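Just below is one structure, and these are the notes that go with it.
The values are calculated or read from the model by the stated rules, or taken from the named source; none is laboratory data. These numbers were taken from a predicted model, which means no experiment stands behind them. Cβ placement follows ideal geometry from the backbone for every residue including glycine, while neighbour counts extend to all protein chains displayed. To get the accessible areas, we keep the full protein, side chains included, count just its heavy atoms, and leave off ligands, DNA and RNA. Shrake-Rupley method; radii C 1.70, N 1.55, O 1.52, S 1.80 Å.
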Amino acid sequence: MVDLRLYQHPILEFKRGRKLRFYFEGKELEAYEGETVAAALLANGIKVLRYAPKTGRPRGFFCAIGKCSSCLMVVDGAPNVRTCIALVKDGMKVGRQRTKGVPREVEQEFRQEKLETDLLIVGGGPAGLSAAITACELGLDCLIVDENPRIGGQLIKQTHKFFGFKDTFAGVRGVKIAEILKERMKALKKAKYFTSSTAVGVYNGKRPIVAVVKENNTLLEVKADKIVVATGAMENHLAFPNNDLPGIYGAGAVQTVMNVYGVKPGNRALIVGAGNVGLILAYQLLQAGVEVAAIVEAMPRVGGYLVHASKVARYGVPIYTRHTIKEAIGREWVEKAVIVQLDESWQPIPGTERELDVDLVCIAVGLSPSCELALQAGAEKAYVPELGGLVAIHNPSLETTVEGLYVAGDASGVEEASTAMIEGQIAAADAALDLNVSASRAKEIKERGFRTLEILRDNPFSERVKKGKEKVFEMAGEEVG
């Protein structure tokens, strides 16, 4: 029996639930309570989750946070289940999906409920949790909904220590920050949160109604005075031959299965992208016992902090700048990868190809804001490359062109978790100020937040972000500077 779970780690302790049995295409497999279906399958050595309906090509998960369609499978007769965020259950029957999936009757009790709250926050990452804590401390009722089975967003997979200063948890590991924020929120009586719950639409009115599907069996109609969209970001991909093979994962997906669920994602990895994410991931892979064959970076220099690059270099991991992946090789999953050198025009240089024996390719080439819910609600949008792509236009208080609807964190423009936390605080404080709740204190929090953001962004790595934010603020009709 294959078992790719990690049982020893220099930093993390994996507290697994009780042992479960589930069935994959008739074969009985072991899982643990609290694992997702995709993580449990990978732990049992199963990488192919579905086959593309038109081409029949194999597919594995890519994002592991429910934002793409690569992991859709048939679960207990229901098609199109996002197995990267669906928890495995005892006796569950799982099968690969080969068609688009036809909805059919499934014996399941479905309920409808109505809730009201002062502030609804969609997304329970650093921005969402910080917004909730601030809102409740100011006296607002608050509800967080998050479609993942665990709250904390990207923090729950980050084992490195944060930079910054005390207010943004300098010197504290991301996984610990998630625990601290969660406990602070749970201690506040006015705070509630639902996991495995997806906000599917905002329906405008004097007091907007947000439709939320909770745990796949309850439709919630949530009336909220104010809404904060803190839905984070999604992984970018690259175009190259066989880029859809199982074993090619977004960097965050690898961190999820490895650091959250304690499953070894592969034996030998190629990392594409030498920004902070790629460099940090390399070290995390080494901690999990995965060999890192190389890191390739298309830019002429490493994009991340020198401290991260130096750490992986000390472990003998080569970093090739002016290089990229040319193609992946394999039938059902990745078996090899070909890297190639680039010229000054970003074109492959013939004869510089190099073949690497790897079963894991990690794509760490940036993120795009997940602002779909804000746009569906009617917020005006703009493509701002400096912020990661398409964003909802917003003012310095994070309010969009839809009154009472805010974006915060990566949903407002891709940046660091530290700035996401401050943006969450600003959005919540502005909501309280507009509702005339603890107005003087809310104003103070906003002003402190603006000052903190200015300090956090006062470095060369944040120049693009500052430029992007200035563009967005101008579009929102706000004075800049």
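Accessible surface computed residue by residue for the chain, with neighbouring protein chains in place and a 1.4 Å probe, gives 45 Å² per residue. Sorting the segments 259-272, 348-361, 400-413, 25-38 by their residues' average number of neighbouring beta-carbon atoms within 10 angstrom, most packed first, yields 400-413, 259-272, 25-38, 348-361. Within the accessible area of the stretch 338-452, the carbon and sulfur atoms contribute 46%, probe 1.4 Å, all protein chains present.
The charge dipole of the chain, taken about the Cα centre with unit charges on the Cβ atoms of Lys, Arg (+1) and Asp, Glu (-1), comes to about 1060 debye, rounded to the nearest 20. Between amide H atoms placed 1.01 Å from N, distances below 5 Å from residue 5 occur with 264, all of them 5 or more places distant or on a separate chain.
Restricting the calculation to Cα atoms, every distinct pair contributes to the Kirkwood radius of the chain, found to be 23.1 Å.
Determine the equivalent ellipsoid of the stretch 196-344 by diagonalising the alpha-carbon gyration tensor, then write out the semi-axes as square roots of 5 times the eigenvalues, largest first, rounded to whole Å.
38, 18, 17
In this structure residue 323 has an accessible area near 20 Å², from a 1.4 Å probe over the protein heavy atoms.
Cα gyration tensor of the stretch 126-190, axes a ≥ b ≥ c as square roots of the eigenvalues: rounded (a/c below 1.5), prolate (a/b > b/c) or oblate?
Here the stretch 126-190 falls in the oblate category.
Using a 1.4 Å probe on the protein chains only, how many percent of the accessible area of the stretch 5-53 belongs to carbon and sulfur?
The computed percentage sits at 43.
Taking every DSSP beta bridge that has both ends in the stretch 107-254, the antiparallel portion is near 40%. Highest mean packing comes first when the peptides 459-472, 420-433 are listed by Cβ atoms within 10 Å, giving 420-433, 459-472.
On the accessible surface of the stretch 190-290, probed at 1.4 Å, how many percent belong to carbon and sulfur atoms? Ligands and nucleic acids excluded, carbon and sulfur give 51 percent.
Tell me what the chain gives for mean residue ellipticity at 222 nm when only DSSP H runs of n ≥ 4 count, each as -39,500 (n - 2.57), the sum divided by the residue total, rounded to 500 deg cm²/dmol.
Dividing the helical sum by the residues of the chain leaves -7000 deg cm²/dmol.
If each Cα of the stretch 31-147 is one equal point scatterer, what is log10 of I(q)/I(0) from the Debye formula at q = 0.10 Å⁻¹? These q points yield log10 I(q)/I(0) values of -0.43. Less than 5 angstrom separates the built amide H of residue 390 from those of 384, all sequence-distant by 5 or more or on a different chain.
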